[in-house]
Every structure is written in C-alpha cells, then in structure tokens.
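Have a look at the structure below, then the notes.
The values are calculated or read from the model by the stated rules, or taken from the named source; none is laboratory data. Quick caveat, the model's predicted, so the values are computed rather than measured. Methodologically, a virtual Cβ is constructed for each residue, glycine included, from the backbone with ideal geometry; neighbour enumeration extends over all protein chains shown.
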Amino acid sequence: MAYIIAEPCIGTKDTTCVDVCPVDCIHPAKGRTYDDGRPTFDEVPQLYIDPTECIDCGAGVPVCPVTANFPLDDLPEKWHSYIETNKNYVDGGKFQPDKYQKAGS
C-alpha cells in the first residue's frame, strides 16, 4: 500500500518523517539534488513519498507533527487530489497506476 503526504505538509515541510524513514523514500531531502531533474527541497511546497522505494513500514505517520502522512486507504477524501500531486512529483507527471493501488485492488 502506498503512503501519501497531504495538504498539512504544505509550507511546513517538517523533515521528521525523513529522519525516521529507513529507506529514504521521502523526497526531496534537504540539500539533495536529483539526476532526473526533480525539484529540490527549496523548490517544492511539500514532501512526497516514492512508492517504489517505500517499504510500507509506516514510520513517518506517527512522527508527523502536522498529521500529513497517511496510508492510501486512510487518506481523507478531501485530500484525494494529493494522490495525483504525489504522482506528478515522483513520476515526473507520468501516471503509473500500479504504484498506487489501494489494498484489495
């Protein structure tokens, strides 16, 4: 199951979730540049989770000070647009639906 970072992260970009992530799947990291041209930390309004790197451990959920990190199945409906926002960052705007399947789909 994918995890999505939603609206409460905008403007905050607290990196506590990045610090506890065991596989560095939350992007962009402070001070990191990306060979694939993805925007850097200072160029984006929020953080994003790459579902191809995420191991679904959920470590970032309880540490988020603004409650912005959700398992896809628990994402409040009012923030479903953030699924697409995350896809656009991670996939460079190329939709890859197999990465974002809800449990049981």
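Things to note:
- Pro8, sole failed condition from (1) of a type outside the set (Phe, Trp, Tyr); (2) over 20 Å from Lys87 (Cβ atoms); (3) touching a residue at least 40 places away in the same chain (Cβ under 8 Å); (4) part of a helix (DSSP H, G or I): (2)
- In summary, Cys17 fulfils each of the numbered conditions (1) of a type outside the set (S, T, N, Q); (2) modelled with pLDDT of 95 or more; (3) exposed (fewer than 14 other Cβ atoms within 10 Å of the Cβ); (4) not in a loop (DSSP other than H, G, I, E, B) with the single exception of condition (3).
- Residue match in the range 66-88 (condition: in a loop (DSSP other than H, G, I, E, B), under 11 Å from the mean Cα position of the chain (by Cα) and either modelled with pLDDT under 95 or polar (S, T, N, Q) (or both)): no
- Complete set of residues in the range 53-91 that are among the small types (Gly, Ala, Ser) and touching a Ser or Thr at 6+ places or on another chain (Cβ under 9 Å): Gly60, Ala68
- When the criteria are applied in full, Asp36 fails the requirement of being acidic (Asp, Glu) and in contact with a strand residue (DSSP E or B) (Cβ under 9 Å, 6 or more places away or on another chain).
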